[in-house]
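The values are calculated or read from the model by the stated rules, or taken from the named source; none is laboratory data. Quantities reported herein were computed from a predicted structural model and do not represent experimental measurements. Note: ideal-geometry Cβ built from the backbone for every residue, glycine included; neighbour counts use all protein chains shown. Note: areas computed on protein heavy atoms with side chains; ligands, DNA, RNA excluded. Shrake-Rupley method; radii C 1.70, N 1.55, O 1.52, S 1.80 Å.
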Amino acid sequence: MPKLKNKILALELNYKKESTKIIAVSIFVFLISVFLSYYLKMYYLSLIGLAAIFIVIEIFSLYYDKKLNQLMRQNETEFVVILNYIQTYLHNGFNVYKSIEATIQYASPWMQNKLGILITEIDSDKTIAPFINFSHSFNSPIIEQVMISLFLMIENGTSDEFILRFAPVFNQLEKDSKHKLVKQIESKFDTLNLLPVVGSALITLLIITGVVGLIGGALNGI
């Protein structure tokens, strides 16, 4: 449960509300299994109900993982957009600090917060640390390379020649973002294709359980 709590908090969801939802679904699944065990006189279904509770928790955990991955991809995609704004300001003669500061207005609340922290840390720490700290908000190692490049611009200036030297890194980040977007779309199609299979499996399981229950009842009546 601690890992589940961390995932819920990372998604900035209401932990109490999500916990109540998980507990309610778990209790519902268990009660259904108890009802079926007595109705079909297949008492081992109660034990399956206990196991189903762990399955419910795992399903919620996988759901939160999926949402976290989507959120991370969304944040990385936004960073690519923000980087384009930063590059535009750099080409217009702004230094790195002013470029980041000017870009905040175009960012989402989450990104505004991260960029604000970056600016504050740069004010008090002139080393590369603030840029590395910022990159740790993302999974992509390319973003770390981009942030290192921005720090080097502070050290070496922002002439067009120097900016162009780091263009391959910026371009690689954009390509990586597009690749992840394609993978995300493909994953959604795979999920849609899997749903009918899962549905058929569940229906088959219910039919088999019902048939076994009827046969058991008929044998008990003989």
query: Quick one: is VAL80 under 30 Å from PHE28 (Cα atoms), part of a helix (DSSP H, G or I) and open to solvent by less than 60 Å² (accessible area, probe 1.4 Å)?
result: no
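Any residue in the range 149-167 that is modelled with pLDDT of 85 or more and either open to solvent by 20 Å² or more (accessible area, probe 1.4 Å) or assigned to a helix (DSSP H, G or I) (or both)? Break it down into steps so the answer makes sense when it comes.
Filtering the range 149-167 for residues modelled with pLDDT of 85 or more gives 150-151.
Narrowing the set further to residues that are either open to solvent by 20 Å² or more (accessible area, probe 1.4 Å) or assigned to a helix (DSSP H, G or I) (or both) leaves 150-151.
Within the range 149-167, one or more residues are modelled with pLDDT of 85 or more and either open to solvent by 20 Å² or more (accessible area, probe 1.4 Å) or assigned to a helix (DSSP H, G or I) (or both).
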- prompt: List pairs: first in the range 23-52 and part of a helix (DSSP H, G or I), second among the aromatic types (Phe, Trp, Tyr) and at pLDDT below 70, Cβ under 9 Å, 6+ apart or cross-chain?
  reply: SER37/TYR43; SER37/TYR44
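Here is a yes/no grid of residues against (1) among the polar types (S, T, N, Q); (2) within 22 Å of ALA10 (Cα to Cα):
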{"residue": "TYR63", "(1), (2)": "no, yes"}
{"residue": "LEU68", "(1), (2)": "no, yes"}
{"residue": "GLN87", "(1), (2)": "yes, no"}
{"residue": "LEU90", "(1), (2)": "no, no"}
{"residue": "PRO109", "(1), (2)": "no, yes"}
{"residue": "ILE122", "(1), (2)": "no, no"}
{"residue": "PRO130", "(1), (2)": "no, yes"}
{"residue": "PHE134", "(1), (2)": "no, yes"}
{"residue": "VAL146", "(1), (2)": "no, no"}
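Could you please let me know if PHE134 is under 23 Å from the mean Cα position of the chain (by Cα) and open to solvent by less than 40 Å² (accessible area, probe 1.4 Å)? Before the answer, list the steps.
Details: under 23 Å from the mean Cα position of the chain (by Cα): yes; open to solvent by less than 40 Å² (accessible area, probe 1.4 Å): yes.
Yes: the conditions hold for PHE134.
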statement: If you go through LEU71, LEU115, LEU4, the only one that is at pLDDT 85 or above and under 20 Å from the mean Cα position of the chain (by Cα) is LEU71
